[in-house]
1. Are there any pairs with C-beta distances below 6 angstrom linking a residue in region A:92-107 that is assigned to a helix (DSSP H, G or I) to a residue that is of a type outside the set (Asp, Glu) and surrounded by 10 or more Cβ atoms within 10 Å (Cβ to Cβ), with the two at least 6 apart or on different chains, and if so which?
2. Residue by residue through region A:38-60, note down the ones that are free of Cβ contacts under 8 Å to residues at least 24 places away in the same chain and either in a loop (DSSP other than H, G, I, E, B) or in contact with a Leu (Cβ under 9 Å, 6 or more places away or on another chain) (or both).
3. All but one of (1) facing chain A (nearest Cβ under 9 Å); (2) under 30 Å from A:Leu89 (Cβ atoms); (3) buried (at least 17 other Cβ atoms within 10 Å of the Cβ) hold for B:Ser51; which doesn't?
4. Does A:Asp54 qualify as being within 11 Å of another protein chain (Cβ to nearest Cβ) and over 21 Å from B:Asp63 (Cα atoms)?
5. Anything in region A:68-88 that is within 13 Å of chain B (Cβ to nearest Cβ) and within 19 Å of B:Gly45 (Cβ to Cβ)? List them, or say none.
6. Which members of region B:2-33 meet the condition of being in contact (Cβ under 8 Å) with a residue 24 or more places away in the chain and either within 11 Å of chain A (Cβ to nearest Cβ) or on the phi > 0 side of the Ramachandran plot (or both)?
7. Among the numbered conditions (1) facing chain A (nearest Cβ under 8 Å); (2) of a type outside the set (S, T, N, Q); (3) part of a helix (DSSP H, G or I); (4) farther than 30 Å from B:Thr99 by Cβ, tell me where B:Asp63 comes up short.
8. Could you please let me know if B:Leu36 is within 11 Å of another protein chain (Cβ to nearest Cβ), of a type outside the set (Asp, Glu) and more than 27 Å from A:Arg30 (Cβ to Cβ)?
Amino acid sequence: MTDQTPLPEPTEDELLAMAYADGELNEEARREAAHRMTSDDAFALRVAHYQRLDVTARTAAIEPQDIAHAKLEAEPTQRAVLSLGWLTLTLGVVGSYAWLFYEMIRDPEMAIPLKVLTLSAVGGFLLLFLAVLRKRLRELPYDPYTKVQR
Amino acid sequence: MIVTTCDTVPGQEIEAAVGICRGSAIRARHVGKDILAGLKNIVGGEMHEYSKLLAETREQALDRMIEDARAQGADAVVAVRYASTAISQGAAEFLAYGTAVKLK
């Protein structure tokens, strides 16, 4: 039997977020909502949620191969093979580079200034990578396009 | 917002052309997806990783174009076109553009 319980009325915030995502606000209200999104994370997430629904609603329908693909992705064997593959690849690549780097730094024939410069280059690269990764992780919840399939 | 590739909006009359509206986006997948897509080159078949990348970029460019039209006070966008180019390896760039119009 179908549940006949009526859905709760949307709150003011939900209505505002829906109107913003659907582009139904006038310019002033839109600007205010956009400004609020910069300081109110919960509101910004709500807007991103409605935008995501909008984006996924107009993308292509599911194809038979999508079902097969999803099934394969969920198979324990496939997951194990992928996980093991990534683990060994990462271990091999990171380990090799770390070892090479360590041997290079330990090399008594290598000039000290060159060691410092090499350490600086590697450290700088890691810091920049960390900054880019941090930015991506911060904006990920507000990116509705990650759910688009085709 | 009506968005169409036609030069007119069927069944409606255009009052005025507001201007060109455009939206572009460039996106990339992470290196893991690039590696898997590279392996697909060996076995063949659809590169889901890149199909998804193109779709994400296309939708984002389209949304930015609509946003631009809305900011110009338009009711519809006609003559919508897509253009694509390659700026960076492994990234997809899309430009969506059209004419923002006001309807009667």
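1. Taking only residues 6 or more apart or on different chains, the pairs are A:Ile105/A:Lys115.
2. A:Asp40, A:Arg58, listed by residue number.
3. It fails just one condition, (3).
4. No.
5. A:Ala68, A:His69, A:Ala70, A:Leu72, A:Glu73, A:Gln78, A:Val81, A:Leu82, A:Gly85
6. Passing the criteria: B:Val3, B:Gly19, B:Ala25, B:Arg27, B:Ala28, B:Arg29.
7. (4)
8. Against the criterion (within 11 Å of another protein chain (Cβ to nearest Cβ), of a type outside the set (Asp, Glu) and more than 27 Å from A:Arg30 (Cβ to Cβ)), B:Leu36 qualifies.
Read the figures in this text as sums done on the coordinates, not as results from a lab. No experiment lies behind these values; they were computed from the predicted model shown. As a convention, Cβ positions derive from the backbone with ideal geometry for all residues, glycine included, and neighbour counts pool all protein chains shown.
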